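To start, the structure itself, in structure tokens.
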Amino acid sequence: MRAYIPTAAACAALALAWAGTPAAATGTGPAVAFTVSDPRLTEASGLAASRLHPGIYWTHNDSGDGPYVYAVDSATGRTVARVAMRGVHPRDVEAISVGPDGDLYVGDIGDNLDGAWKEVWIYRFREPEKLHDQSVGVTRYTVRYDQGPRNAEAMMVQPATGRVYIASKKQSGGGLYQGPARLTAHGVNTFRRVADVPWVTDGAFSPDGSRLVLRGYFWSAEYRWTDGAPHKIADLDVPAQRQGEGVTFTPDGRALMYGSEGRDSPVWRAPLTDAQLPDSVAPLPPGATPGSRTAGKGATATPRAGGTGTDAAGRGPGGAGGREVGLGALAVALVLGLASRRVLRRRRG
């Protein structure tokens, strides 16, 4: 999806505003890890850390590029492989994820007409052992939603179960949809709504499966994953980006990587601390032993979505902070953009 921020001046204003936040001022917040230098990657809409190749991140354009995914070296920002998926003609690829089996899952799930397509697709193939330009055969899965067609930009494979989840994108609030226990390439895979979520542009599970992170353009939130459902932990620092549409955990689970659309777009690294850390790397409480850890469970879990307290969308006492900041930033950007356009019209007159 193309950027909706009106002008570069508005983006600059947002960046300056974000630079004044405590995290940026103290140096404890997100920082640029690398910049994507491939001129073909102008609308990168997903991000996933490689399981086989240290320092490699997989990404893709959304619409108009073709059946391609790109392996980008985080040490240099350069593309080291472009993989073409044989036999498919993607419509609007919006997400990429790595499953526990080491396969790459590519989500052709976008629908900018907001429900015009009665079905969407997921493509699956083994992550290449050697990184070079190549073509691969894929398994194609047909997807429909139990509540009818909808737009989506986030698809996540749960590392512990291999189950696929999709988060729909809607300004008034979307849904988290759970796929079948095992996808089938024969017939339709029905995804069923299991929780409410905000306006989501991407998401990712932690490597151990105990955390789920969802992001929008101006916000990010982390959830503890227990009993197949998200329980909100906290809003997170998210960098100001031109159009933030990618997020993934680092392979060690200790940080998040945030990507954006746009040519020469920077990818930011945001370290996690304390309760934000996945169970496999979180500090042990006093008296606990390493063997007492159980992925996806813990005493800090918040109430289940739909119960009291906060739900998966962050509604409840203090739960909407990230979205309020994001909407405020968007409003500022729009006002600045309109003002700059008026100035340009006056100068031309």
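The values are calculated or read from the model by the stated rules, or taken from the named source; none is laboratory data. It should be emphasised that the depicted structure is a prediction, and the values quoted were computed from it without experimental measurement. Glycine gets a Cβ as well: all are built from the backbone with ideal geometry, and neighbour counts include every protein chain shown. To get the accessible areas, we keep the full protein, side chains included, count just its heavy atoms, and leave off ligands, DNA and RNA. Shrake-Rupley method; radii C 1.70, N 1.55, O 1.52, S 1.80 Å.
Numerical summary
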{"item": "Residue in segment 165-185 that is nearest to the chain's Cα centre (by Cα), counting only those that are at pLDDT 95 or above and outside any strand (DSSP E or B)", "result": "Gly179"}
{"item": "Matching residues, segment 70-88, being within 13 Å of Arg40 (Cβ to Cβ), open to solvent by 10 Å² or more (accessible area, probe 1.4 Å), assigned to a strand (DSSP E or B) and in contact with a Ser or Thr (Cβ under 9 Å, 6 or more places away or on another chain)", "result": "Thr79, Ala84"}
{"item": "Among the candidates Asp227, Asp208, residue that is out of contact with any helix residue (DSSP H, G or I) (no Cβ under 9 Å at 6 or more places or on another chain), open to solvent by 10 Å² or more (accessible area, probe 1.4 Å) and modelled with pLDDT under 95", "result": "Asp227"}
{"item": "Residue list for segment 247-277, filter: part of a loop (DSSP other than H, G, I, E, B) and open to solvent by 50 Å² or more (accessible area, probe 1.4 Å)", "result": "Pro251, Asp252, Arg254, Arg263, Asp264, Thr273"}
{"item": "Qualifying residues in segment 45-67 (those that are within 11 Å of Pro90 (Cα to Cα) and either in a loop (DSSP other than H, G, I, E, B) or basic (Lys, Arg) (or both)) - the one least open to solvent (accessible area, probe 1.4 Å)", "result": "Asp62"}
{"item": "Single match in Ala240, Ala221, Ala234 (criterion: surrounded by fewer than 24 Cβ atoms within 10 Å (Cβ to Cβ) and either assigned to a strand (DSSP E or B) or aromatic (Phe, Trp, Tyr) (or both))", "result": "Ala234"}
{"item": "Set Arg91, Arg144: member being over 18 Å from the mean Cα position of the chain (by Cα), assigned to a strand (DSSP E or B) and in contact (Cβ under 8 Å) with a residue 24 or more places away in the chain", "result": "Arg144"}
{"item": "Gly203, sole failed condition from (1) part of a strand (DSSP E or B); (2) open to solvent by less than 20 Å² (accessible area, probe 1.4 Å); (3) farther than 19 Å from Thr250 by Cα", "result": "(3)"}
